[in-house]
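J.: Mind having a look at this structure? Questions to follow.
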């Protein structure tokens, strides 16, 4: 095996270790420095698609009686559809603030009492995230943070990793909201990333 190339691409972050039976195992980690793993265009495209799907879900939630949107449903960490929506948006805003080493006071369900308020918050957060990504270079997007931001939780990562986390986090909770809507008798339309 040519240890400096995998799948025809140079592997600058390749590391090796010798296992007990003398077999050399090569590992590539997302933490390694090396080739650009994510592009600004790719992250923005995924982020845009995520917000489009959240928009579809918000449009459907707007047809559900308000009392049901705030009704607690057992078995979910954020017990109502409204709490789930607020959680998704505050997490995105909080992570992007963290990436910029800005303090984030957070906000809560009572700060967005209407669908119009929630939609306005979603639009504001979407645009702030896009602006943040546009201001980065490709290298900055893919470089692990060197300094721990105020309030940072967990291992230091690169902005692309955190933005991908924001996207997968939104889809995780969107799935929970779709399940909640089905329980309440208001099944959601197809909101998958790849619609069929």
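Readers should treat all values here as calculations from the given coordinates under stated rules, not as data from a laboratory. Because the structure is predicted, anything quoted here is derived from the model rather than measured. Heads up, the Cβs are rebuilt from the backbone with ideal geometry, glycines too, and the neighbour counts pull from every protein chain shown.
J.: Using only C-alpha positions, report the orientation-averaged shadow area of the convex hull of the stretch 71-196, nm², one decimal.
T.: 9.1
J.: Shape of the stretch 38-85 from its Cα gyration tensor (a ≥ b ≥ c, root eigenvalues): rounded if a/c is under 1.5, otherwise prolate when a/b > b/c, or oblate?
T.: Oblate shape, in that a/c is at least 1.5 and b/c is the bigger or equal ratio.
J.: Would the stretch 92-131 count as rounded, prolate or oblate if I go by the C-alpha gyration tensor, calling it rounded below 1.5 in a/c and otherwise prolate when a/b exceeds b/c, oblate otherwise?
T.: Oblate, because a/c is 1.5 or more while a/b does not exceed b/c.
J.: Let me ask another. Rounded, prolate or oblate, given the Cα gyration tensor of the stretch 155-196, with a/c below 1.5 counting as rounded?
T.: oblate
J.: If you don't mind, another one. Give the peptides 142-153, 78-89 in descending order of average Cβ contacts within 10 Å, highest first.
T.: Averaged packing, sorted descending, gives the order 78-89, 142-153.
J.: Could I ask something else about it? Arrange 133, 61 by Cβ neighbour counts within 10 Å, fewest through most, would you?
T.: Values: 133 20, 61 23.
If I rank by nearby Cβ atoms, fewest first, I get 133, 61.
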